[in-house]
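The values are calculated or read from the model by the stated rules, or taken from the named source; none is laboratory data. Given the structure is predicted, the values throughout are model-derived calculations rather than measurements. A quick note on method: Cβ atoms are made from the backbone with ideal geometry, for glycine too, and the neighbour counts reach across all protein chains shown.
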């Protein structure tokens, strides 16, 4: 009955819909949409969502039959979103199960100067077991929002929206509630779509070969014990510079602070509104202990459709301690190294492989509220911190069929024996288990294997609905045991934002 309810909610968005290109919500780098963005937006495709007017507007356009209203001055489009899956799972007990999202999104443009967008999805989760356990412990559906327990399942609501305006030839201002992704990989060690959407204001400046982005955000710390929601704020800077046609260098900065504590109601720190400052000197001048992070990324195109990319993100470190190699707990940083290729073998094959690491205690803070996360999920990587991950992906298109393969192998460390080994972003670093001798994956070591294979066929092309079939396996090895999830699914899907389920 619950699955039928989700199916009805999802399909109710399809009356009079048509095929659309949902470019601004398509985050997966191994899709034809992403390949098109790469070809037309290679200059600054690492800062997403793309800017409708400063970047190429064609990425955001939809088919004529999806236009609700269209004139030379005003155009309003809409598109359905659907990801409905029904299948069988081996856990928690073998049997029929399902999960799915359903809803719609809207876009409007006025005179190529103003725009607005909005989306809503109802998300339902019944399996697999590791996502069920995550929803129970963290009280959120991964990447969606706050979870409500409905019998043996969980329900959440995903909604986004934004309004923006172009200010001259070089500036664009946007205010809304959405996600952001900074980087060139499948994951990001800087800012990703891992957490649920959040309110923000974004100022984009594009001059010459440089794109400069200011992002001011309001985040929430969710206490799973008391249910209390505490407000915190972040500001981010991203400067993306095309040094040559093939080489991009980007630098990033972020600061997180809590809205109030036992001594004062601080609110939004006005000093961080300045779009041209460095946060560390301001934080020092304020006499505060805010969480400041710095990042760097590079992308090099070996050929037109082959990229190498890397990220380095510093939470905190001392050069002397780093040189000593003694494993000081305060050397906190994350890194990424990857490669991806588009349109191999007659535009049919796309490949990507990437390595991600984060040292223990990275993204954490002395105050739990100031951890680098939102609604109990990291703003960066779904494994949080204290991990090593290798992920490889492939997508092959043959006429109306698309075949996808995801392989992920990771090691991560959990806390053990009541001591903090730096494996949880939302635990204070005030009392580390050890000052020196800290290593990757320390604590209770887990080895994780995740494999997902999927075939997709165009089903109703006029409505951009695809029929999918998939099989997945997730197995964890540790000293406690070797729990495994395995599932098979059949489903219907439209191009849409997809949250991370592979962790």
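Is it the case, given these coordinates, that residue 137 is under 30 Å from residue 354 (Cβ atoms) and modelled with pLDDT of 90 or more? Break it down into steps so the answer makes sense when it comes.
On the way: under 30 Å from residue 354 (Cβ atoms): yes; modelled with pLDDT of 90 or more: yes.
Taking the combined requirement at face value, the residue satisfies it.
Given 315, 265, 305, 290, which one is touching a strand residue (DSSP E or B) at 6+ places or on another chain (Cβ under 7 Å), farther than 23 Å from residue 377 by Cβ and modelled with pLDDT under 90? Quick ask: steps written out before the conclusion?
Numbers: 315 fails: farther than 23 Å from residue 377 by Cβ; 265 fails: touching a strand residue (DSSP E or B) at 6+ places or on another chain (Cβ under 7 Å); 290 fails: farther than 23 Å from residue 377 by Cβ.
Just a single option satisfies the conditions, and that option is 305.
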Inset, instruction - Take the range 82-131 and flag every residue that is farther than 24 Å from residue 484 by Cα and not in a strand (DSSP E or B). - result: 111, 112, 113
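From the list 177, 231, pick out the single residue that is out of contact with any helix residue (DSSP H, G or I) (no Cβ under 8 Å at 6 or more places or on another chain) and free of Cβ contacts under 8 Å to residues at least 24 places away in the same chain.
On the way: 231 fails: free of Cβ contacts under 8 Å to residues at least 24 places away in the same chain.
Going through 177, 231 in turn, the sole match is 177.
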Inset, instruction - Scan the range 440-455 and give yes if some residue there is modelled with pLDDT under 95 and touching a helix residue (DSSP H, G or I) at 6+ places or on another chain (Cβ under 9 Å), otherwise no. - result: no
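For the range 313-332, give me each residue that is touching a residue at least 24 places away in the same chain (Cβ under 8 Å) and assigned to a strand (DSSP E or B). Lay out the reasoning, then the answer.
To start, the set of residues in the range 313-332 that are touching a residue at least 24 places away in the same chain (Cβ under 8 Å) comprises 313, 315, 326-332.
313, 315, 332 - these are the residues of the range 313-332 that are touching a residue at least 24 places away in the same chain (Cβ under 8 Å) and assigned to a strand (DSSP E or B).
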Inset, instruction - Scan the range 343-384 for residues that are assigned to a strand (DSSP E or B), more than 25 Å from residue 435 (Cα to Cα) and within 21 Å of the chain's Cα centre (by Cα) and jot them down. - result: 350, 351, 352, 353, 354, 355, 374, 377
Inset, instruction - Kindly check whether there is at least one residue in the range 333-341 that is surrounded by 15 or more Cβ atoms within 10 Å (Cβ to Cβ) and outside any strand (DSSP E or B). - result: no
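Look at residue 433 and say whether it is without any contact (Cβ under 8 Å) to a residue 24 or more places away in the chain and surrounded by 17 or more Cβ atoms within 10 Å (Cβ to Cβ).
yes
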Legend entry - Residue in the range 147-157 that is in contact (Cβ under 8 Å) with a residue 60 or more places away in the chain, touching a strand residue (DSSP E or B) at 6+ places or on another chain (Cβ under 7 Å) and closer than 27 Å to residue 336 by Cα present: no
Inset, instruction - Could you look through the range 413-432, keep only residues that are assigned to a strand (DSSP E or B) and more than 25 Å from the chain's Cα centre (by Cα), and pick out the one that is nearest to residue 221 (Cα to Cα)? - result: 420
